[in-house]
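Here, each number is a calculation from the coordinates, and none is a lab measurement. Since this is a predicted model, take the numbers as computed values, not measurements. Backbone-built Cβ (ideal geometry, glycine too); neighbour counts: all protein chains shown.
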Amino acid sequence: MAFERPTFSDQWHRVAELRPRLRSLVQSSRQQYRGHTWYIFRDPSNNKFSRVDDAGHRFIGMLDGRRTVDEVWKACCEQLGDRAPTQGEAVQLLGQLYASNLLEADLPADAAGMFRRRTKRIRREVGGYIMGLLFARIPLWDPDRFLNRWVKLVGWCFGPIGIALWSVLLFCGLMSLAGKGGQLVNQTEGVLSPGNLPWLYVSMVVLKLVHELGHGFCCKHFGRRRHAGGEVHTLGIMFMVLMPVPYVDASSAWSLPSKWQRAFIGAAGMYAELAVASIAAIIWANSASGTLVHALAYNAIFIAGVSTLLFNLNPLIKFDGYYILSDLIESPNLMQRSKDMLYYVVKKYAFGVKRPRKPTDGRREQAWLITYAILSSIYRVFLSVTIFFFIADKLFFVGMMMAALAIVGWVVVPLGKFTHYLTVGPELVRVRSRALGVTLGTVAALVVILGFIPVAERDRAEGVVEPREIVAVHAGADGFIRRMLPSNSAVLAGEDALFVSEDRELESRRDQLIARLQEMQARRRSAIVEETAEAQAMLEQVRALHEQLARVESDLEKLTRRAPFDGVWVCGSSDTSTGMYLRRGEAMGYVATLDDLRIRVAADQFLGPRLPREAGTVVELRARNRPDQEMVGRVTRVVRGGRRQLPSPALGLMGGGELAVSSDQQQGDMAASPFFEVEIEVEPGEDGSPPALYAGQRVVARFELGRAPLLVQGWRALRQVLQERFRI
Amino acid sequence: MDHVRLRQPGESRVRQDAGSPFASAQAWRASLSHQPLKPPPTGADAAWDTVMSHILCRVPRRRRVLRRARQVVALEGEVAGYGSDRLVDEADRLRTVFRRRRETPEELTLAAAIIREAARRRLGMMPYPVQVAAGLAMIDGRLVEMATGEGKTLSAAIPAVVLGMRGRGCHIITANDYLAQRDAETMAPLYEAFGLSVAHVVGETPPDQRQAAYAADITYTTNKEVAADFLRDRVAMGYNPGVNASLLASLGGAHLRQGHTVMRGLECAIIDEADAILIDEAGTPLILSSQGENTDEKERYQHALQLADRLERGRDYRVDLKHREVDLTHAGRRRLTEITADMTGIWRGSRIREELVTQALTARLLFLCDQHYVIQEDKVVIVDESTGRLMPDRTWRHGLHQVIEVKEGLDPSPAQTTLASISFQKFFRLYRRLAGMTGTAWEARQEFQQTYRLSTVRVPTHRPCVRKHLAPVMCSGVDDKNARIIEDVKEYHALGRPVLLGTRNVDSSMALSRLLTEAGLAHEVLNAVHHEHEAKIIAGAGQRGAVTVATNMAGRGTDIKLGPGVAERGGLAVIAAEFNDDRRIDRQLFGRAGRQGDPGAARAYVCPYDDLLKRHGRALSVKLAARFFGPRAAVAIAQARARRLARHARKSVLRSDVWSEQFLGFVHPDH
């Protein structure tokens, strides 16, 4: 048919003479979505909802069990003109309502249809459990009566007074945390300690229960006020990444006409949770550290903070934030419709399908849907990869099974469906060649871009900055310090005395020796004059004295230390002061070439062997603490032999670096597996200024490893990650 | 887009014989036939199904049937020696075997030999081995492809006897009322020899004779009649949710409504010209309707046509020849809003307005007089594309028929209210056993396999076929083509050979007839408008020097016998002025030449302005084929594309059948 909405349908005669009507129990309520009126039908027997647009509602409304469908349709056409449902739409509407059990007519039950729907539903649910193993739901308890009983007592919490009080509470909670940020952050390390884990879990269950009851009560509260039911019949357990947490089914919120109320129901969980967290914050701030109360209060703050920010508020996954967003932008069923919108764009513009099904006509809503579709798909991939690695780290087989299921569910099945759609889907019958062309072209382009066009490959490794030459200066002899060069002064080799100490005993001994020498020389001179044979013996004594003197002199010399090479004198300890006694061999400080630095990088097993053999390769460098500054270096040497002794403990995991260190060494400077040391010389900046590096800094070096297609690089990286993590 | 409409006859229904024990069995069987169809497989099952159908339709079966036919023929001498008493005894014995369905292959062979002998004695016709082979294949539920003039009527009688002896009725579906009556009468002596009753149901058969006719062991009828009776029964039975639900309801004390039904369930059918019925007409819904009220819609359609005339092609609308659709552009919609600004009533709403105007444009541009329809007695009568015949029962749907009538200045026929409808495709899938025969099945064998679970067997001709296929001639334009055709006709005429000139529509047959008159060639014209002397024209078409211009009417089902002396001069020459959308239709036309081992020749002419190439010639593949491999390849590819398109249309009929069955399962099953 060449029309968008053909008036007539071939199936019309099948329903034309029926006289159906809505079941008397069905409740309907009116809602506004983006300027359009919609009606929500609720089946109280199973709390299921169906949404019908204005024209459809008018059509259904006129069916009273006495008029035939055909009569009603004609009346609708007269009243509504263009907006009236077409025959096809009316048939579809009737079919859907009948399938949802909302319609009654003088017909025997369609037993076969009911069985078929049941089989289909069960199959879908089972499939859902397997696929959504991560988020499986198990209903446990019907809290409706409980909520009914207590809502009178707690309902006010969701009114203006409640919100005002809540704001005050939240303010107090925040104020009590103010100024304790450091403590708050520091204590996170304790949260995941094995001793706290059971408590953490207990706190979480309690807090989540409060959260869910918040939803439940809020739903009940608004539902009662609107006389729209607000029934909450399911409270159960949901597995969130294999961790059971409570959940509640608040889909009754659908029947509320105000989007703010619906959004509030979505937010009520966090609302309740934050109230508890605020109380916990006050307790935490006013209790002594180390007590159980303190720890529990901290757990509550931690859970409320983390789960609220990371999960509940995030609209990209189907938690509270999603429902709040979808209510606020008046776009129900956001997830599915955003996908449909994406499909629509592809079908319409890439495949050239003539009239693809459009999820919405509103331009702004289309923009919302497309943005949402793209963001949520990216996030989904990110989240699933994260979860996979998280679980695979803990439980390898479960992780692998989940990965297999995820690959089947998210790659194989959609790919199969897409292939089916592309090859035999009826929608493409007229544009099949174009659709195939576009798809194959895109795939080919991707394969070429990813698989054949070489892209510069880079990898990074951590290194530490070191002066090219460094010498520890030790005290040469015992003595008291007399004077000392200030730290960080530049020194010239052999000239500047780094520090001078004195040894009075040695000095007096020297003076004594000099005196004795002079005496001996004087005596010798006189002995020569007297020409006694003694003179010869004296010469020996003079010689001995000379030697002694020379020894003392050299010892004295040792009291003064001079720079062994040009560099900077770095004083070892700051409290070295004049008059302090030094023992021989005591470390005093360093002389190092601080303006002539080099970098020693520890490249691991994956990177090391792939580094270019020749020296002179240009390397990009960034200091760990100054990631904004980029420097350029040159490889001067690659030590190809595997080493395990790290250039600095700072590169090992124990010292905050990236390399795993061997656990039997307390110093933490032995790498767990051998690495390759790379020496890099830093080039001066463009204006000739010396690089702003300091000895001891940690630096990330980025190596150019030649060019390879992205697919090859990705595959290598994946294998590397798997091997590293799971030794496979 | 069109469909067959049947008027619901008045209340002159068969009175039900309440006391007959048959009544409940009949209701039971009928209920079984009204069970919803099993939905076609989905997902991986569907892929498997397609793969299997591709494999199964390629399984060679020909040699096996021919071997079995030789076994039957080998019994000839033995059976010929039987006295008539012996023959009757053997037949009686076999009947009980067949009724119990416990026959062995040997018994089947013997039965075929006896049928053959009985045919010789009663009809004076001895089935050839190839006819026996065809019959045996049909007993197995196969679709047999056998050439024209090979005696399909006699071939069908062999399975009819066997299936008739099973005692559950056997419908033989023929192409038209005349054939149903003729075949039933011709074959009656053979069936009588086996104690089988035979009857026929044609359009004129009064309702009270139909029940008896369907109760006969063998019923000759047409597809239209049998499907219509089925629909009427369904309406008469009222709401019948199928046998399971009926049984459930009767447990609860409710009575199974039997109504006044005429049929006793759909057991087995042997379909003549199976491809025409199961493929070409498959998507056409048969609709049982009652006269609706006479509304004054003429003015509305006139308005729509006037509005359509004020739009400009290309700017306001686009014509999609391939899919036979008209689409309004944005500019067209705006223009329509402007020019209807001061109109009232239904013209206020854009949807209905655009729909009406689109329909008017479709009627103007895509439905042409003397091509898609003719006007007879102030009525628009549809011409069937594949058979070239008038279809007075058919109408186009959703007001299109009325628009076309208004376009031609006629009064629109009153709107009709649908009571029940079924597509032929669905109807024939309801039979428990199908078999069929046709001259052209091979091209669609995969579809037969997948849709109807019918595998195709190609039976060789009794005498080798010596028809010469000449290469198609590519012409630059219509005038060039017509000139060459006339030259060709002249050449054959000079040799004294009869010529059959086949055209696709009434229009071009008239054009060629004019040219022949100008060239001074005496000829006959056979088309939907000139069909009064069809039998006479066909009888004369094989005579020496005859020239016949005909639409596809002269294709399927016509048997052109050669006059004396013609065979020596080279036999009948068939010239196709244009290729059809389906290769099978072309083969039907070519098959008129070279019948039963006679000599003959066939040649086709192509030009870029032919309907086929106009609709499908824009595809790159067709252009490339025309450029590098010549017209034959180009036509083959264009025909493949057309076939795919048609096949898709049939598939969507199937899909919508399934959809409505599942989605509207709560209402009457496909009423």
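Can you tally the net charge around A:Val232? Count Lys and Arg as +1, Asp and Glu as -1, for every other residue whose Cβ sits under 9 Å from the Cβ of A:Val232. Write down the numbers at each step before the final one.
Numbers: positive: A:Lys220; negative: A:Asp142, A:Asp144, A:Glu231, A:Asp249.
Net local charge, A:Val232 excluded: -3.
By DSSP, what percent of the beta bridges with both residues in the protein assembly as shown are antiparallel, rounded to the nearest 5? Write down the numbers at each step before the final one.
Values: 107 of 160 bridges.
Expressed as a percentage, antiparallel bridges in the protein assembly as shown total about 65.
How far is the Cα center of the stretch A:467-529 from the Cα center of the stretch B:578-599, in Å?
126 Å
Give the shape of the stretch A:596-726 as rounded, prolate or oblate, defined through the alpha-carbon gyration tensor: a ≥ b ≥ c are the square roots of its eigenvalues, a/c under 1.5 means rounded, and otherwise the shape is prolate if a/b is larger than b/c and oblate if not.
Working: a/c = 1.74, a/b = 1.17, b/c = 1.49.
Verdict is oblate for the stretch A:596-726.
Arrange A:Val443, B:Val653 by Cβ neighbour counts within 10 Å, fewest through most, would you? Intermediate results must be reported in sequence, preceding the final value.
On the way: A:Val443 10, B:Val653 19.
If I rank by nearby Cβ atoms, fewest first, I get A:Val443, B:Val653.
Reported to two decimal places, what Rg/Rh ratio describes the stretch A:530-651 when computed on Cα atoms with Rh from the Kirkwood expression?
Using Cα coordinates only, the ratio equals 1.28.
Just to confirm my understanding: which cysteines in the protein assembly as shown have no other cysteine beta carbon less than 4.7 Å from their beta carbon?
A:Cys76, A:Cys77, A:Cys157, A:Cys172, A:Cys218, A:Cys219, A:Cys571, B:Cys57, B:Cys170, B:Cys268, B:Cys369, B:Cys465
P(r) of the stretch A:470-591 in 10 Å steps, Cα pairs, percent per bin?
Histogramming the stretch A:470-591 at 10 Å steps yields 14, 34, 22, 16, 11, 4, 0 percent.
Residue by residue through the stretch A:540-554, what is 3J(HN,Hα) from phi via Karplus (6.51 cos²θ - 1.76 cosθ + 1.60, θ = phi - 60°)? Round to whole Hz and write x for glycine and proline.
Using θ = phi - 60°, the values come out as 4, 4, 4, 4, 4, 4, 4, 4, 4, 4, 4, 5, 5, 4, 5 Hz.
Add +1 for every Lys or Arg and -1 for every Asp or Glu among the other residues with Cβ under 13 Å from the Cβ of B:Arg102, and state the total.
Combined, the nearby Lys, Arg, Asp and Glu give +3.
Starting from the amide H of A:Arg23, placed 1.01 Å from N in the peptide plane, find each other amide H under 5 Å away whose residue is 5 or more places distant or on another chain.
The list, which skips near neighbours in sequence, is A:Leu103, A:Glu104.
So, in Å, what gap is there between the alpha-carbon centers of the stretch B:55-75 and the stretch A:268-332?
The two parts, judged by their Cα centres, are 79 Å apart.
For a quick check: with amide H placed at 1.01 Å from N, whose amide H comes under 5 Å from A:Ser489's, ignoring anything fewer than 5 positions away on the same chain?
Hits under the 5 Å cutoff: A:Trp569.
Given contacts defined as C-alpha pairs under 8 Å and at least six residues apart, what's the relative contact order of chain B, whole-number percent?
On the way: 1196 pairs, mean separation 109.2, N = 671.
Rounded, it is 16 percent for chain B.
Output the 0 to 90 degree angle, nearest 10, between the alpha-carbon long axis of helix A:363-394 and the longest principal axis computed from the alpha carbons of chain A.
That helix lies at roughly 50 degrees to the long axis.
Counting DSSP beta bridges in the stretch B:295-414, what percent are antiparallel, to the nearest 5?
Details: 10 of 12 bridges.
Roughly 85 percent of the beta bridges in the stretch B:295-414 run antiparallel, per DSSP.
Taking square-rooted eigenvalues a ≥ b ≥ c of the alpha carbon gyration tensor, is chain B rounded, prolate or oblate, where a/c under 1.5 means rounded and, failing that, a/b exceeding b/c means prolate?
On the way: a/c = 1.87, a/b = 1.16, b/c = 1.61.
Oblate, because a/c is 1.5 or more while a/b does not exceed b/c.
Distance between the C-alpha centers of the stretch B:497-568 and the stretch A:27-77? Whole Å please.
Distance between centres, Cα-based: 62 Å.
Helix check for chain B. Which DSSP H runs span at least 30 Å along their own axis by Cα, with a mean Kyte-Doolittle hydropathy no less than -0.5? All intermediate terms of the calculation are to be shown ahead of the outcome.
Working: long enough: B:631-663 (47 Å, -0.47).
Membrane-span-like by this rule: B:631-663.
Taking the Cβ of A:Ala650 as the center, what net charge do the other residues with Cβ under 12 Å away carry, scoring Lys and Arg +1 and Asp and Glu -1?
Values: positive: A:Arg600, A:Arg624, A:Arg698; negative: A:Glu462, A:Glu466, A:Glu658, A:Asp669.
Here the count lands on -1.
For B:Ala604, what residues show an amide H to amide H distance below 5 Å, using hydrogens built from the backbone and excluding near sequence neighbours?
B:Val473, B:Ala576
What's the angle, to the nearest 10 degrees (0 to 90), between helix A:396-407's Cα axis and the longest principal axis of chain A?
It is inclined by approximately 50 degrees.
When we measure straight from the Cα of B:Lys536, which lysines land under 30 angstrom away, once same-chain ones fewer than 8 places off are left out?
Cross-link targets: B:Lys152, B:Lys224, B:Lys379, B:Lys468, B:Lys481, B:Lys490, B:Lys561.
Treating only the Cβ of Lys, Arg, Asp and Glu as charged (+1, +1, -1, -1), what charge dipole size does chain A show about its Cα centre? Round to the nearest 20 debye. Write out the running numbers ahead of the final one.
Working: 89 positive and 74 negative charges, 969 e Å.
Charge dipole, chain A, about its Cα centre: 4660 debye, nearest 20.
Between helix A:111-131 and chain A, what is the angle of the helix's C-alpha long axis to the longest principal axis, kept within 0 to 90° and rounded to the nearest 10?
Taking Cα atoms only, the helix is inclined about 0 degrees.
Taking a ≥ b ≥ c as the square roots of the eigenvalues of the Cα gyration tensor of the stretch A:12-107, is the shape rounded (a/c under 1.5), prolate (a/b larger than b/c) or oblate? List each step's numbers first, then the result.
Numbers: a/c = 1.91, a/b = 1.10, b/c = 1.74.
Because a/c hits 1.5 or more and a/b fails to exceed b/c, the stretch A:12-107 counts as oblate.
Write down the percent of antiparallel bridges among all DSSP beta bridges whose residues are both part of chain B, to the nearest 5. Show your work: numbers first, answer last.
Numbers: 20 of 72 bridges.
Given both bridge residues lie in chain B, the antiparallel proportion sits at roughly 30 percent.
What number, in percent, do you get for the relative contact order of the stretch B:369-410 if the mean sequence gap of Cα pairs under 8 Å and at least 6 apart is divided by its residue count?
On the way: 37 pairs, mean separation 11.9, N = 42.
Reported as a whole number, the value is 28 percent.
When the dipole is taken about the Cα centre of the protein assembly as shown, and only Lys, Arg (+1) and Asp, Glu (-1) are charged at their Cβ, what size is it in debye, to the nearest 20?
Values: 185 positive and 155 negative charges, 702 e Å.
Dipole magnitude for the protein assembly as shown comes out near 3380 debye.
Pairs of Cα atoms under 8 Å, at least six residues apart: use those to get the relative contact order of the stretch B:466-609, whole percent.
On the way: 301 pairs, mean separation 52.1, N = 144.
Computed value for the stretch B:466-609: 36 percent relative contact order.
Could you give the C-alpha radius of gyration of the stretch B:466-609 expressed as a fraction of 2.2 N^0.38 Å, taking N as the number of residues it contains? Each step should come with its number before you reach the end.
Numbers: Rg = 13.5 Å, N = 144, 2.2 N^0.38 = 14.5 Å.
Compactness ratio reported: 0.93.
Between A:Ala350, A:Trp368, A:Ser338, whose Cα lies farthest towards the positive end of the dipole of the stretch A:322-393 when Lys and Arg beta carbons carry +1 and Asp and Glu beta carbons carry -1, centred on the Cα centre?
Among A:Ala350, A:Trp368, A:Ser338, the one farthest towards the positive end of the dipole of the stretch A:322-393 is A:Ala350.
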